[in-house]
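Only one structure is covered here, and it is reproduced in the block below.
The values are calculated or read from the model by the stated rules, or taken from the named source; none is laboratory data. Note that the structure is predicted; figures quoted are calculated from it, not measured. Here the Cβ positions follow ideal geometry from the backbone for every residue, glycine too, while neighbour counts run over all protein chains shown.
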Amino acid sequence: MIKDENDEDIDITFETYKQYFGQYYGGYSFLTITQVSMIFYCFSSIGCDYVIGQWTNQTDQRANMWVYAGFSLAFSISTAGAVMMRVSTILYYSLGCDRKLHEEMIRRVSNAPINLYYDVTPIGRVLNKFSSDLGDLSTQLCFTYGSMLAMFYNLV
C-alpha cells in the first residue's frame, strides 16, 4: 500500500532551473544585483592590487605611505562591501524563495486527492520531504550559485 520513494526517477532539466529562478528566486533582479556586486568586487580587488603594486615600485616608499595605505584600505573596504552585498542579496532572495516555495508545496499537498496521496504516504514522510527539500534548496543551491559566481569572476 505504501510506495517506495526511492523507486521514482527524477530528471531535472535546464527548464526546471529556469522556472525556479524566474518564478521563485526573483528572476532578473536577483541576477542583476549579484552580477553588479561581483563586477564591483572585481574592480575593487584589481584597484587594491594596483595601488599596492604602485606603492612597491616607489623608490621612497615611506614618503607617500599614508596615501597608498589609505587607498589600499578604501579598496579593501569596498571589496568587503561587494562581498557583503552579494551574500546578503543571495540570502534575502533565498528566504523569499523558501517562503514562496513552502506556500506552493502546502497548497499542492492540501489539494492532493486523499485516495491517491494520503492513503499511500505516511505523514512523517510528507514532513520529511518538506524539511529536506526546502533545506537543500535554501542552503545548497544559493551558496552553490554564490560560489560559482566567485570562482567565475576570480577566473576573469
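I'd like to verify a number: residues in segment 40-67 that are in contact (Cβ under 8 Å) with a residue 40 or more places away in the chain and of a type outside the set (Phe, Trp, Tyr), how many?
The number of residues fulfilling the criteria is 1.
Restricting to segment 21-54, what's the tally of residues that are in a helix (DSSP H, G or I), at pLDDT below 85 and not polar (S, T, N, Q)?
Looking only at that region, the number is 3.
Within segment 132-147, can you find the residues that are loosely packed, with under 11 Cβ neighbours inside 10 Å and among the hydroxyl-bearing types (Ser, Thr, Tyr)?
If the condition is that a residue be loosely packed, with under 11 Cβ neighbours inside 10 Å and among the hydroxyl-bearing types (Ser, Thr, Tyr), then 132, 144, 147 are the ones that fit.
So which pairs qualify, if the first residue must be in segment 96-110 and hydrophobic (A, V, I, L, M, F, W, C), the second must be not in a helix (DSSP H, G or I), the Cβ gap must be under 7 Å, and the two must be at least 6 apart or on different chains?
Partner pairs satisfying both residue conditions: 97/25.
Among the residues of segment 55-84, how many are of a type in the set (S, T, N, Q) and at pLDDT 90 or above? Working first, answer last.
Keep residues of segment 55-84 that are of a type in the set (S, T, N, Q), which gives 56-59, 61, 64, 72, 76, 78-79.
From what's left, at pLDDT 90 or above: 72, 76, 78-79.
Number satisfying all stated conditions: 4.
Taking the condition of being in contact with a Ser or Thr (Cβ under 8 Å, 6 or more places away or on another chain) and outside any helix (DSSP H, G or I), how many residues in segment 55-89 meet it?
Count: 0.
Which of the residues spanning segment 6-17 are part of a helix (DSSP H, G or I), at pLDDT 80 or above and farther than 16 Å from residue 144 by Cβ?
15
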